[in-house]
Amino acid sequence: MSHQDDPVVISEESNLVGGDQTIKKTTTTLSFYHELDHWQKDNHYILSGYVKETNSYKKCLASLTYIHNETVNIYTHLLPCSLVLAAVLYYIEYYLPIYPTYIGWEKFNFAQFAIAVTVCFGASASFHTIKSHSQKICKFGNQLDYFGIIILITCSLISIVLFAFYDDSFYWKQIFITTFLTLGTICTVLTLDPRFATPEYRPLRSLMFIIFGLSGLFPVVVAINKYGYHVAVTRSNAHWLVAEGGFYITGAVLYAMRVPERFDFSDGEGRSKVGRFDIYFHSHQIFHVMVVIAAFCHWKALVGCYKYLHEVILNESSY
């Protein structure tokens, strides 16, 4: 039997009840790409390890207990989702330096970023858990996933601006926040409104998400023009923001290009490398890990901006 014809059985058990032998078999068979319904087919380089349509939330949740090709996608965001909010609240309560110039709202800025990360990662983990339910639920989960991304982008951009442009005498801060909220709203409508879910609107949806992401450069250009390059970089902790962008972009490019799984091959001599990345280390999993690292980079930038606000901006203005 060939590799692609072997069923993968997750579990099988027998129970004895009283004096009678009652056999109870519980089996979960993972499927191959060619066995899936059309709506479940996404990455043809991932050949095996699929959970076929379940039409059951209970079975979807049960998939958390065994290994399949969405397991790493689920847990790389489920675990951070479960920890990040509590960790951030603990940090800002017990470890965040409180300066004499402390204003009172700064902790809320950290908390809103933590909530955004929790929502984004929670939505992502939920989508990858329930996507095998049915086509309708998969589509809803995908919308939920994108909405979580919109929340994270919006709150991330706003969090930096609130610290880095705190002393701005003009209305740049309000302009930035209004721009981010407007673009976030447009992307939300394009994501959730069924009228824009058709293939002909895919280029428009992609374009708006690109514009939304690139809008983060707007405050950078203004800051360099207003404060000079060195001060702008220091105010925004740009080295961490550059690292954040690097991880996001690298993960997205690998995901879009289906690397490394697209390089699987069969050499024609029976030594097949096809399917090496079906369960572990395929592009979507790498993307998830990159997003977690990028969120940590943003956190480091945010802490740096907070310290600069109090050690430099407000400290100088107090004299």
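Quick one: would you say Arg262 is part of a helix (DSSP H, G or I), in contact (Cβ under 8 Å) with a residue 12 or more places away in the chain, among the basic types (Lys, Arg) and more than 18 Å from Asn142 (Cβ to Cβ)? Explain how you work it out, then say what you get.
Details: part of a helix (DSSP H, G or I): yes; in contact (Cβ under 8 Å) with a residue 12 or more places away in the chain: yes; among the basic types (Lys, Arg): yes; more than 18 Å from Asn142 (Cβ to Cβ): yes.
So Arg262 fits the description; yes.
When only residues in region 88-102 that are aliphatic (A, V, I, L, M) and in contact with a helix residue (DSSP H, G or I) (Cβ under 8 Å, 6 or more places away or on another chain) count, which is surrounded by the fewest Cβ atoms within 10 Å (Cβ to Cβ)? First the steps, then the outcome.
As a first pass, look at region 88-102 and keep what is aliphatic (A, V, I, L, M): 88-89, 92, 96, 98.
Of the ones still in play, those that are also in contact with a helix residue (DSSP H, G or I) (Cβ under 8 Å, 6 or more places away or on another chain) are 88-89, 92, 96.
On the way: Val88: 21, Leu89: 15, Ile92: 19, Leu96: 17.
Only one residue tops the list, namely Leu89.
Looking only at residues that are exposed (fewer than 14 other Cβ atoms within 10 Å of the Cβ) and of a type in the set (D, E, K, R) in region 268-319, which one is modelled with the highest pLDDT?
The residue in question is Glu311.
Looking only at residues that are among the basic types (Lys, Arg) and closer than 23 Å to Asn142 by Cβ in region 179-227, which one is modelled with the highest pLDDT?
Only one residue tops the list, namely Arg205.
Do you know which of the residues in region 254-267 that are among the acidic types (Asp, Glu) and surrounded by 12 or more Cβ atoms within 10 Å (Cβ to Cβ) is modelled with the highest pLDDT?
That would be Glu261.
Give me the pairs: first residue in region 214-240 and in contact (Cβ under 8 Å) with a residue 60 or more places away in the chain, second residue in a helix (DSSP H, G or I) and basic (Lys, Arg), beta-carbon distance under 8 Å, and six or more apart or on different chains, which are they?
Matching pairs, first to second residue: Asn237/Lys300; Trp240/Lys300.
Is it the case that Thr101 is assigned to a helix (DSSP H, G or I) and of a type outside the set (Gly, Ala, Ser)?
No; evaluated as a whole, the condition is false for this residue.
The values are calculated or read from the model by the stated rules, or taken from the named source; none is laboratory data. Predicted, not measured: the structure shown is a model, and the values here were computed from it. Here the Cβ is made from the backbone with ideal geometry for all residues, glycine too, and neighbour counts use every protein chain on show.
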